[in-house]
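A.B. asks: Sharing a structure with you now.
Values in this text are rule-based calculations from the coordinates and carry no lab data. Quick caveat: nothing in here was measured; it's all calculated off a predicted structure. Here the Cβ positions follow ideal geometry from the backbone for every residue, glycine too, while neighbour counts run over all protein chains shown.
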Amino acid sequence: MGIIIALACDHGGFSLMEEVKKHLISTGKDCKDFGTFSQESCDYPVIAAPAAHAINDGTCDTGIFICGTGIGMSIAANKTPGIRAALCTDCYMAEMARSHNDANVLVMGGRVIDSKSAVEIVETFLSTDFSNEEKHRRRVGMLNDLDVIRKG
Ligand code: RB5
């Protein structure tokens, strides 16, 4: 069985998400869509939270979140434990986000990149594995313990 991808966007990401979703469906990907479902203005934290939780609790395996810039969705997604959301504007960032950071959410800006670039970024993100190098495992592990590190 394939992976389940959580999709989340606000009105600023809606058009690009439509294109991304079309591509994912046409390539046989299994998606769980958390909205939004129109251009009508909405609040990105409200959309991001349930989608991020679905990844954290294992309902979904990974996520693609889109808002106007990608910034709000990134901030919101990264509030959820277990989420490593990476805002990517090109394929190099998407590759590094998976390979070095083991990112489990790809974030893009619907007002920042075109749909062709977005589809390439999505494909890179989904097809790149975590490097599993010791130094990257250690650093990703530290992300779960940032409070401990801060307190010394
Ligand atoms: C909505 O206008 C816009 O602020 C939102 O999509 C996003 O870019 C926020 O970070």
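A.B. asks: With a cut-off of 8 Å between alpha carbons and a minimum separation of six or more residues, what is the relative contact order of the chain in percent?
C.D. replies: 24
A.B. asks: Hey, what does the equivalent ellipsoid look like for the chain, semi-axes from the Cα gyration tensor as sqrt of 5 times each eigenvalue, largest first, whole Å?
C.D. replies: Ellipsoid semi-axes (Å, largest first): 24, 17, 14.
A.B. asks: Here's another thing I want to ask about it. Using a Gaussian network for the chain with springs between C-alpha atoms less than 10 Å apart, which of these wobbles most: GLY82, GLY70, GLY141?
C.D. replies: GLY141
A.B. asks: Could you work out the longest stretch of the chain that avoids the GluC sites (Glu not before Pro) located in DSSP loops with at most 12 other Cβ atoms within 10 Å?
C.D. replies: That would be 41-132.
A.B. asks: Against the empirical 2.2 N^0.38 Å scaling, what ratio does the C-alpha Rg of segment 68-118 come to?
C.D. replies: Taking the Cα Rg and dividing by 2.2 N^0.38 Å, one obtains 1.08.
A.B. asks: Now, a different point. Counting Lys and Arg as +1 and Asp and Glu as -1, each charge on the Cβ, what is the dipole of segment 13-152 about the Cα centre in debye, to the nearest 20?
C.D. replies: Charge dipole of segment 13-152: 400 debye, to the nearest 20.
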